[in-house]
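Beneath this line is the structure, given in structure tokens, with notes to follow.
Where a number appears in this text, it was derived from the coordinates with a stated rule and is not lab data. Source: prediction; values computed, not measured. Neighbour counts are summed over all protein chains in view; Cβ atoms, including those assigned to glycine, are modelled from backbone coordinates with ideal geometry.
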Amino acid sequence: MTSHTDHTEQSAVTVLGLGPMGRALAGAFLAAGLRTTVWNRTPGKDRELVGRGAISAASPEVAVATSELTVICVVDYEAVDSIVRPEAVTDALKGRTVVNLTADTPDRARSTATWAAEHGIGYLDGAIMTPTTTIGTPAGVFLHSGQEELYQRHRPVLDALGGTHTHLGEDVGRAAGYDLALLDIFWTAMAGYAHALAMARAEGITARELAPFAKGIGAILPPIFEQLAEEVDGGRYSGEGNPITSAVSSMAHIVHTSESHGIDAGVMRAAEGLARRAIGRGHGTDGFIRITDLLY
Ligand code: NDP
């Protein structure tokens, strides 16, 4: 049976939220030898952690009162608010620091930071870019934003999570901005892969048959990302080798073939539409990445 503490036992760090990621974070702190207090809305999720030495707190206000530093990692900022904004918890957090590793939008990060400042709570916002299995290993990737001094002060505890930690600047919304931009790449790539597998299946090609070649497409992307970043920041869009006029014709073939099989080609239609807009504005000889300028 889990035993709860309802009085203040001091620990190095408190973890609020024990979903798969919260449990991985708390587990890494414990593995690094840090005294760790844990709390989760639904009881019972701390059983294994308590078995490894974690202190189970009876309430979030007790949990945050045990440590100078609280790491919160729950589903979204609605959940964060419902945990930290009740008066008892806000009062207990005064003079302490919260590192919010929950994923949400840059605006929510900034409004949470404003709330924290109004209540005398130190606040850093962060994003975790790798799965639970990487936490506590060199493969973990953590992004942080907010006051540099606060980040440096808590860096030794955060380092116990392993991996690489990057402080992106004092604008507290930056970690969420990076997170969303990177997830944009991930999910549009996943949507493209799902669509490609459906179209391949309609052509009698199994996912397993396509996979080695799909990996090859993935492998050509990293140097292209580097080169296009230079073009976008420099405002030069060399279409040499693959102008938009050529790219748009291969997109049209994909749309035509998938729709001939009754497959929704909405994602590719959206990309083709952007490419045609760029051509319509006289950028047909530029490369496809010119659409970045069209979008913003
Ligand atoms: P979830 O995103 O499903 O979050 C689960 C946690 O949120 C549980 O602690 C759950 O509590 C809590 N929660 C949900 N709703 C509420 C609420 N209304 N009030 C209080 N607590 C609530 O799982 P993860 O742990 O995997 O993810 C946590 C965060 O980490 C997310 O923002 C996610 O995007 C991010 N992340 C996760 C990765 C992963 O591989 N899992 C990778 C990178 C980032 P309860 O148990 O009571 O339901």
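Descriptive notes on the structure:
- Burial ranking of peptide ranges 232-244, 171-183 (average Cβ count within 10 Å, highest at the top): 171-183, 232-244
- Ranking Phe288, Leu180, Ala194 by how far each Cα lies toward the positive end of the dipole of segment 178-295 (charges on Cβ) leaves Ala194 at the top.
- Inter-probe distance in nm under a simple model that places probes 7 Å from Cα toward Cβ, at Ala202 and Asn242: 2.3
- Arg47-Ile220 FRET efficiency (beta carbon distance; Förster radius 35 Å; 0.05 resolution): 0.15
- Alpha-carbon radius of gyration plus Dmax, which is the widest Cα pair, for segment 7-58 in Å: 9.6, 27
- Under the Debye formula (equal points on every Cα, no solvent term), log10 I(q)/I(0) of segment 13-171 at q = 0.10, 0.18 Å⁻¹: -0.30, -1.07
- Förster radius 22 Å - calculated FRET efficiency between Asp76 and Arg153 (Cβ-Cβ, nearest 0.05): 0.25
- In this structure, the amide hydrogen of Val15, modeled 1.01 Å from its nitrogen in the peptide plane, lies closer than 5 angstrom to those of Thr37, Val38, Trp39, Val71, counting only residues at least 5 positions away or on a different chain.
- Added length on full extension, which subtracts the Cα-Cα distance from 0.36 nm per residue, His253 to Ala181: 23.1 nm
- Rounded Å value of the spacing that divides the Cα centres of segment 55-73 and segment 128-162: 19
- Taking 0.36 nm per residue of separation and subtracting the Cα-Cα distance, full extension of the segment from Val141 to Asp233 would add 30.6 nm.
- For segment 257-267, backbone phi angles converted through the Karplus equation (6.51, -1.76, 1.60; θ = phi - 60°) give residue-by-residue couplings of 5, 5, 5, 5, 9, x, 8, 4, 10, x, 5 Hz, Gly and Pro being listed as x.
- Contour excess over end-to-end distance, with Cα ends at Arg85 and Tyr193 and 0.36 nm allotted per residue: 34.8 nm
- Anisotropy class of segment 194-296 from Cα gyration tensor, a/c 1.5 cut: oblate
- Across segment 13-171, C-alpha contacts under 8 Å between residues 6 or more apart give a mean separation that, scaled by the residue count, equals a relative contact order of 20 percent.
- Farthest toward positive dipole pole in segment 35-90 [+1 Lys/Arg, -1 Asp/Glu at C-beta], among Gly51, Thr90, Val80: Gly51
- Residues considered: Arg110, Arg276, Arg96. Largest GNM mean-square fluctuation over the chain, using C-alpha springs under 10 Å, is found at Arg276.
- Per-residue HN-Hα couplings for segment 86-94 [Karplus 6.51, -1.76, 1.60; θ = phi - 60°; Hz; x = Gly/Pro]: x, 3, 4, 6, 4, 4, 5, 7, 3
- Calculated from backbone phi, Karplus (6.51, -1.76, 1.60) coupling profile of segment 200-209 in Hz, x at Gly/Pro: 4, 4, 5, 8, x, 10, 7, 4, 4, 5
- Debye intensity ratio I(q)/I(0), log10, the chain, q values 0.08 Å⁻¹ (C-alpha model): -0.48
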